[in-house]
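As structure tokens, the structure follows; a few thoughts come after it.
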Amino acid sequence: MRDRPHIKFAASIAAAVALVAGCGQSEPTDADDGAASAPAATTQASAPAESPPAEPSPAEPVVEPPADEPAAEATDHRVTYDWAVPSELVTIEHRAGAPTPYLVAIYAGDHSDDEPPYQRLAFYFREGLPEYNLQYVPSVVGEGTGEPISLAGNAFLRVGFVNAQAHDDGGESTVSITPDDSIGFRNLKSYGSAGDFEGHLTYGLGLQVAPDSDQVLLVRAGELTKTDGAGGLFYVVYVDIQTG
């Protein structure tokens, strides 16, 4: 018996449909298992449950400098420039770091009973010790203005601090304790600010030497740390003027 043409055609259509359906729903082979696992590793995981925020650690207490120079015993004391005449610029280097040291107090003291006797201006910083320099100059000029600042006395010592400041982020002064501008000691007569700009902090010291003479007073500088009584530290740079 001969096959009818229309029966062969229908059978061919049915086979094609079955083949297409089989391609879309084929079972994975062993080789397919490895390929199928790869996309799973790159799928974004669901976010874990949000944990409660950590409690902030308490800030280190900061104590305001007292009215009189703190009497706490000094630690890490060293003389950085011994009795001499800084006719050329003398620089004591310290590596710059963050946060920037900031000035909180200035104290003046007359140590007439020491040997040799001297008068001191001490600069108290927080956060660390800045780089500093000193030099005898004809006059101390304001940073940025170039104009001499007013100082009592007839000899002048410039003291500069680098990578230091005397103001906070809002531009307010951080210095809460200072002596009168006119100190009035026998040789250390006065001091004054000559600038606080872009990490450069400058002061001038007005000194009194014998009139119409070539007298020059010896200078000493040093640094130390002191506890503030609340777990913090003051970082101190001092300048001593030997009395003449």
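Coordinate-derived values only; no laboratory data. Here the structure is a predicted model, which means the values were calculated and not measured. Neighbour counts run over all protein chains shown; Cβ positions are idealised from the backbone, glycine included.
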Using only the Cα atoms of the stretch 75-242, what do you get for the radius of gyration and for Dmax, in Å?
15.3, 50
If the chain between Glu88 and Leu233 were fully extended at 0.36 nm per residue, the gain over the current Cα-Cα distance would be 49.0 nm
Residue-wise HN-Hα coupling along the stretch 230-240, computed from phi with Karplus coefficients 6.51, -1.76, 1.60 (Hz; x: Gly, Pro):
10, x, x, 10, 9, 10, 10, 10, 10, 10, 10
Count the net charge of all other residues whose Cβ sits under 12 Å from the Cβ of Leu151, scoring Lys and Arg as +1 and Asp and Glu as -1.
+1
Sum up the charges of everything whose Cβ sits under 12 Å from the Cβ of Tyr235, counting Lys and Arg as +1 and Asp and Glu as -1, but leave Tyr235 out.
-2
When you have a sec, figure out the Kirkwood radius of the stretch 146-244 from all distinct Cα pair distances and drop it here in Å to one decimal?
15.3 Å
Distance between the stretch 204-218 and the stretch 157-202 - C-alpha centres, whole angstrom
21 Å
Using mean Cβ contacts within 10 Å as the protection proxy, how do 234-242, 64-72 order, highest first?
234-242, 64-72
Quick one: net charge around Val85, please, counting Lys, Arg +1 and Asp, Glu -1 for every other residue with C-beta under 15 Å from its C-beta.
-2
